[in-house]
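Notes follow the structure.
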Amino acid sequence: MPPGPFGPSDTLKAAASMRGKLIGTAVQTSLLGGAPYGTVLTREFNYLTAEYEMKWNVVEPGRGSMNFGPGDAIVGYAASNGMQVKGHTLIWHGAVPSWLDGLPAGDLRTEFERHIRDVMAHYRGRVHAWDVVNEAVADNGAGLRDTLFRQRLGDQYIADAFRLARAADAQALLFYNDYGGEGLSAKADRIHALLQDLLSKGVPLDGVGLQMHISATSRPSTASIADNVRRLAALGLIVHISEMDVRINNAFGTDQERLEAQRSAYRDVVGVCVMEPRCDAVTFWGFTDAHTWLTGDRPLLFDAQYQPKPAFYGVLDALSGR
Ligand code: G3I
């Protein structure tokens, strides 16, 4: 495998492994085989998250007609390249198949239980951790988000999802995942309260993912993120930075200043995970600006020509303790 920008010891994967951390990226099946995408992916990362192909609307486009192919391709690629996989995501209002919308509550309960049971069984033993429930807390932190699941199944749906997931797979780590609660905030407080309550009721919950979709010049302070991560770890939870990207289009300054601000943001956030023993993975929501959900921005570590940006070196410095 060709060395990274500085040589084999200076790949993200090598530096992260020396810290006992996983370093990952969101991926899409259609991109896996090619170079340079695959070359950089296998050189730098050891933890893959399906950006969209393991979600309910892709896995079961029609009621009862399963489409595990794309997810299986990602799991197979990871196994062939010594990587681990994070399943994303079982229960999320953002990827509900259209046929689910109109179901009466009783049918929805049946399908909710079947989806979790069938998908977890299909991937049992091949997926390191699952985002069991994604984005269940309201943005203002006032309470739970009023999703289809909450409306039809009650607030209990969150605990039910985790219990069903554990019953289906005794090994996989079970995560709650959300955005907007990375630093201390009303939403972070509500996420903490939700997780504390679940744990107090004996709900099987192993970790929390902080998505970390931030902007180079408007982001939570590093100290606030560190305090929040510490508070979550004190619950006994594993903490992941689960979907990190750093927008720069809305940042001030010259292009070089924006890229420098982006490098600092990546270095600061990854540095928080390096310092927290219970933070065991950082995943970026893609790794090249050629493929990002933030169309038109340049939020990732490699540019559209797969060349490392200052952001890449910010992450490497954080992992290397430089
Ligand atoms: O690649 C196919 C293309 O072949 C097809 O022609 C086209 C039209 O159907 O769809 C394309 O797939 C789209 C995919 O993004 C790749 O662009 C899917 O329709 C689209 O639903 C999918 O959106 C994803 C979105 O979640 C919804 O699943 C984004 O990639 C993904 O970045 C985004 O990720 C979410 C996390 O799961 C949760 N946190 C927020 C984050 C950003 O919204």
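Only the coordinates and a few stated rules stand behind these numbers; no lab work does. Being a predicted model, the structure only gives us computed values, none of them experimental. In this analysis, Cβ positions are derived from the backbone assuming ideal geometry, glycine residues included, and neighbour counts consider all displayed protein chains.
Points to keep in mind about this one:
- Alpha-carbon centroid distance for the pair the range 183-219 / the range 283-299, whole angstrom: 24 Å
- Full extension of the chain between residue 317 and residue 295 gives 5.2 nm of extra length, using 0.36 nm per residue less the Cα-Cα distance.
- At most 15 other Cβ within 10 Å, DSSP loop - chymotrypsin sites (Phe, Trp or Tyr not before Pro), the range 246-300: 252, 293
- Applying 1/(1 + (r/R0)^6) with R0 = 45 Å to the Cβ-Cβ distance of residue 155 and residue 257 gives a FRET efficiency near 0.50.
- Stretched out straight at 0.36 nm per residue, the stretch from residue 105 to residue 223 would grow longer than its current Cα-Cα span by 38.1 nm.
- Backbone amide hydrogens, once placed in the peptide plane, bring residue 240 within less than 5 Å of 208, 209, 210, excluding anything fewer than 5 places away on its chain.
- Summarised as an ellipsoid, the chain has semi-axes of 31, 23, 18 Å, derived from the eigenvalues of the Cα gyration tensor scaled by 5 and square-rooted, with the largest first.
- Where trypsin sites (Lys or Arg not before Pro) fall in DSSP loop in the range 60-133, at most 15 other Cβ within 10 Å: 63, 124
- Using the Karplus relation 6.51 cos²θ - 1.76 cosθ + 1.60 with θ = phi - 60°, the per-residue 3J(HN,Hα) values for the range 44-55 come to 9, 10, 9, 8, 10, 10, 5, 4, 8, 8, 10, 8 Hz, with x marking Gly and Pro.
- Near the amide H of residue 49, within less than 5 Å, lie the amide hydrogens of 25, 26, 27, 86, all on another chain or at least 5 residues away, with H placed in the peptide plane.
- Applied to the range 244-257, the Karplus parametrisation 6.51 cos²θ - 1.76 cosθ + 1.60 on θ = phi - 60° returns per-residue 3J(HN,Hα) values of 5, 8, 10, 5, 10, 4, 8, 7, 7, x, 5, 4, 5, 5 Hz, with x for Gly and Pro.
- A Förster distance of 25 Å, applied to the separation of the beta-carbon atoms of residue 196 and residue 96, puts the FRET efficiency at 0.35.
- Potential lengthening between residue 231 and residue 303 on full extension [0.36 nm per residue; Cα-Cα distance subtracted]: 22.4 nm
- When you restrict to C-alpha pairs under 8 Å that are six or more residues apart and normalise by the size of the chain, the relative contact order lands at 16 percent.
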